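Trainee: Okay, handing you the structure first.
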Amino acid sequence: MAPGSAPKRVLTAAANPAPALQSAGASGATEVKPDSAKMQVSALRSGTVIDHLGPATSFKALKILGVGADATVLIGVNLDSSKLRKKDILKIEGRELTDAEMNKVALLSPQATFSLIRDFKVVRKFRPTLPDQVEGLIRCLNPACITQDPRVTGRFHVVTKAPLKLRCHFCERSLHENEIEFA
């Protein structure tokens, strides 16, 4: 850096809410100040970003979405979050989720936010709202429930949204967020 000139400041994408500041030295090399080091990840050309997943739920979300081993996915687990303390994040390249898929993830993690990306730009960002009734997405854990018959579609009423609690329409068994099994 030339004497008397100020270092260049570069704003980088960060896994945490606070941005990282970097300085470019005389050699052009970028040095990261230890107190502001942040993780950097590449941007999606197109696909879906699921942010604010509950901690340690990203692998379950991938399973319910049927994301295969050949998919290009970035997984962030137990990252610091100002809203949730800890969160997970998924970036799925080349795939826009359907409404049914987003509803499944919203049942798994109601505070999740979705961003649809096209040509490196966010074209839609939203948080799905849970309906008053959920049909065909999850199954009842009661072994005596009529929904154990594959010809009967499971139906649940949303009792509370935070924390999530559902009640089976047929046998009235309650399910909490961590008990949900997807059909």
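The values are calculated or read from the model by the stated rules, or taken from the named source; none is laboratory data. Since this is a predicted model, take the numbers as computed values, not measurements. With ideal geometry, Cβ positions are generated from the backbone for all residues, glycine too; neighbour counts draw on all protein chains shown. We work out accessible area using only protein heavy atoms, side chains counted, and drop any ligands, DNA or RNA first. Shrake-Rupley method; radii C 1.70, N 1.55, O 1.52, S 1.80 Å.
Trainee: Can you confirm whether G68 is under 30 Å from R45 (Cβ atoms) and either within 16 Å of the chain's Cα centre (by Cα) or surrounded by 16 or more Cβ atoms within 10 Å (Cβ to Cβ) (or both)? Break it down into steps so the answer makes sense when it comes.
Mentor: Values: under 30 Å from R45 (Cβ atoms): yes; either within 16 Å of the chain's Cα centre (by Cα) or surrounded by 16 or more Cβ atoms within 10 Å (Cβ to Cβ) (or both): no.
No: the conditions fail for G68.
Trainee: Determine, yes or no, whether R124 is at pLDDT 90 or above and in a strand (DSSP E or B). Spell out how you get there, then give the answer.
Mentor: On the way: at pLDDT 90 or above: yes; in a strand (DSSP E or B): yes.
Yes, satisfied.
Trainee: Keeping to the range 136-153, report how many residues are open to solvent by 70 Å² or more (accessible area, probe 1.4 Å) and touching a strand residue (DSSP E or B) at 6+ places or on another chain (Cβ under 9 Å).
Mentor: The total comes to 3.
Trainee: Also, quick follow-up: For the range 114-135, give me each residue that is out of contact with any Leu (no Cβ under 6 Å at 6 or more places or on another chain) and open to solvent by less than 40 Å² (accessible area, probe 1.4 Å). Before the answer, list the steps.
Mentor: The initial filter retains those residues of the range 114-135 that are out of contact with any Leu (no Cβ under 6 Å at 6 or more places or on another chain), namely 114-116, 118-122, 125-135.
Hits for the range 114-135 are F114, S115, L116, P128, L130, V134.
Trainee: Condition first: open to solvent by less than 70 Å² (accessible area, probe 1.4 Å) and on the phi > 0 side of the Ramachandran plot. Can you find one or more residues in the range 154-169 that meet it?
Mentor: Within the range 154-169, not a single residue is open to solvent by less than 70 Å² (accessible area, probe 1.4 Å) and on the phi > 0 side of the Ramachandran plot.
Trainee: Identify the residue in the range 143-183 that is touching a helix residue (DSSP H, G or I) at 6+ places or on another chain (Cβ under 8 Å) and part of a loop (DSSP other than H, G, I, E, B) and, among all such residues, is farthest from M102 (Cα to Cα).
Mentor: Going through the qualifying residues, I end up with C171.
Trainee: Just give me the residues in the range 76-97 being surrounded by 15 or more Cβ atoms within 10 Å (Cβ to Cβ) and without any contact (Cβ under 8 Å) to a residue 24 or more places away in the chain, in sequence order. Before you say what the answer is, go through the steps one by one.
Mentor: Filtering the range 76-97 down to residues surrounded by 15 or more Cβ atoms within 10 Å (Cβ to Cβ) leaves 76-77, 79, 81, 84, 87-93, 95-97.
V77 - this is the single residue of the range 76-97 that is surrounded by 15 or more Cβ atoms within 10 Å (Cβ to Cβ) and without any contact (Cβ under 8 Å) to a residue 24 or more places away in the chain.
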